[in-house]
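J.: Pasting in a structure now, in structure tokens, and then I'll have a few things to ask.
The values are calculated or read from the model by the stated rules, or taken from the named source; none is laboratory data. Just so it is clear, the structure is predicted and the values come from calculations on it, not from any experiment. We place every Cβ from the backbone using ideal geometry, glycine too, and count neighbours over all the protein chains shown. Heads up: the accessible areas ignore ligands, DNA and RNA and are worked out on the full protein's heavy atoms, side chains in. Shrake-Rupley method; radii C 1.70, N 1.55, O 1.52, S 1.80 Å.
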Amino acid sequence: MTGTKIALSIEEAADYTGVGRNTLRKLVEWNKLPVIRVGRKVLIKSDILEKFMEVNEGKDLRDKNDVKTVTRKSAV
């Protein structure tokens, strides 16, 4: 087993990407970033997060209309 997590909490994803927690929460709310919900906890798969960052390079992540949606299908 490796030390790399396959899913990150909002806080961990924020630390990993440098994107603010509130911005990540908005992206989830806007359905731009797929998540796994475990009770109240929200997890973002690391491969999806990396694809999301790649697809949205140069975009303003605070502008709902500027952000491209990433789905599991588009990440494969």
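J.: Go through region 2-21 and count every residue that is part of a loop (DSSP other than H, G, I, E, B) and free of Cβ contacts under 8 Å to residues at least 24 places away in the same chain.
T.: Selection size over region 2-21: 4.
So that you can scan it fast, the table gives a plain yes or no per residue for (1) within 16 Å of LYS68 (Cα to Cα); (2) at pLDDT 95 or above:
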{"position": "GLY3", "(1), (2)": "no, no"}
{"position": "LEU8", "(1), (2)": "no, yes"}
{"position": "GLU11", "(1), (2)": "no, yes"}
{"position": "ASP15", "(1), (2)": "no, yes"}
{"position": "LEU24", "(1), (2)": "yes, yes"}
{"position": "GLU29", "(1), (2)": "yes, yes"}
{"position": "ARG40", "(1), (2)": "no, no"}
{"position": "LYS45", "(1), (2)": "no, yes"}
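J.: Select, from LEU33, LEU61, LEU43, the only residue that is assigned to a loop (DSSP other than H, G, I, E, B) and either in contact with a Leu (Cβ under 6 Å, 6 or more places away or on another chain) or under 19 Å from ILE6 (Cβ atoms) (or both).
T.: Being assigned to a loop (DSSP other than H, G, I, E, B) and either in contact with a Leu (Cβ under 6 Å, 6 or more places away or on another chain) or under 19 Å from ILE6 (Cβ atoms) (or both) holds for just one of LEU33, LEU61, LEU43, which is LEU33.
J.: Here are ILE48, ILE36: which of them is within 17 Å of ALA14 (Cα to Cα), of a type outside the set (Lys, Arg) and buried (at least 19 other Cβ atoms within 10 Å of the Cβ)?
T.: After applying the criteria, what remains is ILE48.
J.: Here's a follow-up. Going by what's in this entry, would LYS73 be described as loosely packed, with under 11 Cβ neighbours inside 10 Å and either polar (S, T, N, Q) or part of a helix (DSSP H, G or I) (or both)?
T.: Judged against the criteria, LYS73 is a match.
J.: I would also like to ask the following. Output the qualifying pairs, or none if there are none: Cβ atoms under 6 angstrom, residues six or more apart or on different chains, first residue in region 38-64 and hydrophobic (A, V, I, L, M, F, W, C), second residue open to solvent by 70 Å² or more (accessible area, probe 1.4 Å).
T.: These pairs meet every condition: LEU43/ILE36; VAL55/LYS68.
J.: When you look at LEU24, is it part of a loop (DSSP other than H, G, I, E, B), more than 19 Å from LYS73 (Cα to Cα) and open to solvent by less than 50 Å² (accessible area, probe 1.4 Å), yes or no?
T.: No; evaluated as a whole, the condition is false for this residue.
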